[in-house]
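Note sheet for the following structure.
Every number here is computed from the coordinates shown, using simple stated rules; none is lab data. Values in this document were obtained by computation on a predicted structure and should not be read as measured data. So basically every Cβ, Gly included, is an ideal-geometry build from the backbone, and we count neighbours across all protein chains shown.
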Amino acid sequence: MKHTLKIGLDSAAPFPMHSDYNSDLFEGFEVDLIKELSALLDLELHYEVSLWADILEKLYKGELDMICSAVTMTTSRQMILEFSKPYLAFQLCAVIKKGNILTDIKSFQGKKIGIRTATEAEKYVMAQFPGNVTVHAETNNELYQKLLAGRIDVLIDDSPIAGGFLKKHPSLHIGMFMPETESNYAIAMKKGDVELKNEINAKLELLMANGTYQTIHDKWFKQIQLVI
């Protein structure tokens, strides 16, 4: 009998990392990647959907085995969780309406900035733009709808997720990539779950060596700029 892994997913699906698990079509870069990993490890997958504000705490408490849902690998998170090798490099970016221009950090003066709650983008904005009015949203879709409706001037988001929304909303574009925000996504696991981490890392290396990873990457990010 195969061992089952409980995998946490963000309920506000960060497409193209993954779509809504409860939709007619559950797909995305991380869906393809974890499917290949589970086949190599001979594991069954059980997905559990949670609000992003709760998902890391659930993993920390042991209610999940891992999270594969656009988890940014940070120094603070590495202190309380185990992380696989990084599987996607990205950068924070500023999304604005077409026709508007951003040239540098000074361009944000006086602008109302939108961010998702409990994200690294939120931490960045609160630290870098303490004088700006900020609008916080629980979901990705809510955040982009605020920009489309003119309720915010700009939003800050991870470049892969921004790329997915720009395909749906051609009236928006990336105004600039935020300096010194280069980051990586990785699979997060419970602290001390080193055996699972080592197994995941070994199979990730195999997928990267045999070309499977590149095929999946090209499928989802061929037309999306992730970093500058």
Share of Cα-Cα pairs in region 92-177 lying beyond 18 Å, as whole percent
32
At q = 0.09 Å⁻¹, work out log10 I(q)/I(0) for the chain with the Debye formula, treating every Cα as an identical point scatterer and leaving solvent out; two decimals please.
-0.37
Tell me, what is the percent relative contact order of the chain, built from C-alpha pairs under 8 Å that lie six or more residues apart?
29
Tell me which lysines have Cα within less than 18 Å of Lys203's Cα, excluding those fewer than 8 residues away on the same chain?
Lys2, Lys35, Lys85
Determine the gain in length on full extension of the stretch Glu48-Glu182; use 0.36 nm per residue of separation and subtract their C-alpha separation, reporting nm with one decimal.
45.4 nm
Taking every DSSP beta bridge with both residues inside region 92-177, roughly what % is antiparallel (nearest 5)?
55
Using R₀ = 41 Å, calculate the FRET efficiency as 1/(1 + (r/R₀)^6) where r is the Cβ-Cβ separation of His3 and Asp24; round to 0.05.
0.90
Find, among the GluC sites (Glu not before Pro) in region 149-211, those assigned to loop by DSSP (not H, G, I, E, B) with at most 15 other beta-carbon atoms within 10 angstrom.
Glu180, Glu182
Of all DSSP beta bridges having both residues in the chain, the percent classed as antiparallel (nearest 5) is 50
The chain: most fluctuating residue of Pro14, Pro86, Pro170 per GNM, C-alpha cutoff 10 Å:
Pro170
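So if each residue of separation counts as 0.36 nm, and I subtract the Cα-Cα distance between Val133 and His173, what length gain in nm does that give?
On the way: separation 40, 0.36 × 40 = 14.40 nm, distance 2.13 nm.
Taking Val133 through His173 to full extension adds about 12.3 nm, to one decimal.
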With r as the distance between the Cβ atoms of Asn210 and Ser107 and R0 = 41 Å, compute the FRET efficiency 1/(1 + (r/R0)^6) and round to 0.05.
0.40
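Can you give the extra length, in nm with one decimal, that the chain gains between Glu63 and Ile80 once fully stretched, where that is 0.36 nm per residue apart less the Cα-Cα distance?
Extending this stretch completely gives an extra 4.7 nm.
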In nanometres, what is the gap between the two model label sites at Gln225 and Lys123, each 7 Å from Cα along Cα-to-Cβ?
2.6
Estimated D of region 92-132 in µm² per second, where Rh is the Kirkwood radius over Cα pairs and Stokes-Einstein applies at 37 °C, 0.692 mPa s
295
Could you give the distance between the Cα centres of region 70-115 and region 144-204, to the whole Å?
7
Cross-chain or 8 or more residues apart, Cα under 23 Å: how many lysine pairs in region 92-177 fit that? Count them up, please.
22
